[in-house]
Amino acid sequence: MRGGDDAEPHARVAWPTAPASGPCRGGAPIDPVLEVDGISKRFGELQAVDSVTFRVAPGETYGLLGPNGAGKSTCISMIAALLTPDAGTIRVLGQEMTTSSTAGRAQIGLVPQEVAVYPDLTARENLRFFGRLYDITGGALNTRVDQILDVIGLTERADDRSSEFSGGMNRRLNIGIGLLHQPQLLILDEPTVGVDPQSRNAILDSVEQLSAEGMAVLYTTHYMEEAERLCDRIGIIDAGKLKAEGTRRELTTSVGERDRVQVGVSGSLEPALDAVRHLDGVTSASTTDDGITLITDDAGPILARVLDAITGAGGSVTTVEVSQPDLEAVFLHLTGKALRD
């Protein structure tokens, strides 16, 4: 028997889901897996969620980010049909979700913040127990459990009680339980809280692979680097309202954040500065002690032209450094708080 996660291999997913999809196929829009339309929820005087709307497509990982108390958990509880919205509708694969829904719920894999496994059962016994709750039995259940154990990297610990596992291993088992019935929408509510770096990386690898195989993923986290790595689009929620949503580039552009390019130049700077400041896409340019700094909406498409302009003006490029705006800057701008506040 091995203890801890250091002996565990990274979990890699090889799990059959819906075919991988983007936002459109052959130019035609793809129906979203999850549709959230104007949902609201009040608890007494507290407006926990206020007219929130977003979509999640097949093969898309959508990050729902917000400070503590922003309304994320309430949104997730309504999406999972654990709470009834005061207003608005939620559909999963076209099925309207209510607390009595069955068809829509069957398409959701919910992995809550709190680990929901039985410590006195082995990993295999936990998976078999929850599999039977999903009405999976017989040989199909045995096959599914073996697949999941491989997916979460616990095959060699399958017959050890989960009380003997590290926090990261139990998180992985928790995710495995959410995948047993092959859902089309996986909801992961802060799945890496309190886990070791190896298990955290294994979980992120798994989410990336699930999305690549076509699963829709709704992901909440207090780690901005996870959102930047995993999420195709992000919704920022604060005080119950969805403040903004979009890709990283869309969000940074929306609050006026731009790319900064610092080019080290030897030789005369003024001709080089004059050459780059007139290029399309350059918002501003100025000299520094050893080069030129320029601001642009998107450095990628213009970088080659910038370097050509500098060399054409007689300068010699010694270094190039591109600083892109990050989601943390956007989050602070929209909420006035850091993500982990």
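Tabulated results
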{"quantity": "Index of the failed condition, SER163 passing every other in (1) modelled with pLDDT of 95 or more; (2) of a type in the set (Ser, Thr, Tyr); (3) touching a helix residue (DSSP H, G or I) at 6+ places or on another chain (Cβ under 8 Å)", "calculated": "(3)"}
{"quantity": "The one condition in (1) surrounded by 15 or more Cβ atoms within 10 Å (Cβ to Cβ); (2) assigned to a loop (DSSP other than H, G, I, E, B); (3) at pLDDT 95 or above that ILE90 fails to fulfil", "calculated": "(2)"}
{"quantity": "Matching residues, the range 254-265, being without any contact (Cβ under 8 Å) to a residue 60 or more places away in the chain and closer than 20 Å to ARG305 by Cβ", "calculated": "VAL263, GLY264, VAL265"}
{"quantity": "Scope the range 215-230; condition within 15 Å of LEU185 (Cβ to Cβ) and of a type in the set (Ser, Thr, Tyr); matching residues", "calculated": "TYR219, THR220"}
{"quantity": "Residue in the range 266-275 that is of a type in the set (A, V, I, L, M), at negative phi and within 31 Å of the chain's Cα centre (by Cα) present", "calculated": "no"}
{"quantity": "Subset of the range 273-284 that is closer than 13 Å to ALA309 by Cα and not basic (Lys, Arg) - its residue that is surrounded by the most Cβ atoms within 10 Å (Cβ to Cβ)", "calculated": "VAL276"}
{"quantity": "Criterion violated by GLU114 - all others in (1) in a helix (DSSP H, G or I); (2) modelled with pLDDT under 95 satisfied", "calculated": "(1)"}
{"quantity": "Subset tally (residues that are assigned to a helix (DSSP H, G or I) and surrounded by 24 or more Cβ atoms within 10 Å (Cβ to Cβ)) for the range 182-202", "calculated": "2"}
{"quantity": "Hits in the range 54-87 (condition: surrounded by fewer than 22 Cβ atoms within 10 Å (Cβ to Cβ), polar (S, T, N, Q) and within 16 Å of ALA239 (Cβ to Cβ))", "calculated": "ASN68, SER73"}
{"quantity": "Output for the range 313-339, where each listed residue is surrounded by fewer than 18 Cβ atoms within 10 Å (Cβ to Cβ), out of contact with any helix residue (DSSP H, G or I) (no Cβ under 6 Å at 6 or more places or on another chain) and among the β-branched types (Val, Ile, Thr)", "calculated": "THR318, THR319, VAL320"}
{"quantity": "Positions within the range 204-221 being among the hydrophobic types (A, V, I, L, M, F, W, C) and crowded, with 23+ Cβ neighbours inside 10 Å, in sequence order", "calculated": "VAL207, LEU210, MET215, ALA216, VAL217, LEU218"}
{"quantity": "Residue in the range 137-158 that is assigned by TED's automatic domain parsing to the domain that holds PRO191, hydroxyl-bearing (Ser, Thr, Tyr) and under 14 Å from VAL117 (Cα atoms) present", "calculated": "no"}
{"quantity": "Residue count for the range 212-229, restricted to those that are aromatic (Phe, Trp, Tyr) and part of a strand (DSSP E or B)", "calculated": "1"}
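The values are calculated or read from the model by the stated rules, or taken from the named source; none is laboratory data. Small disclaimer: the values here were computed from a predicted structure and weren't measured. Here Cβ is always computed from backbone atoms with ideal geometry, including for glycine, and neighbour counts include all displayed protein chains.
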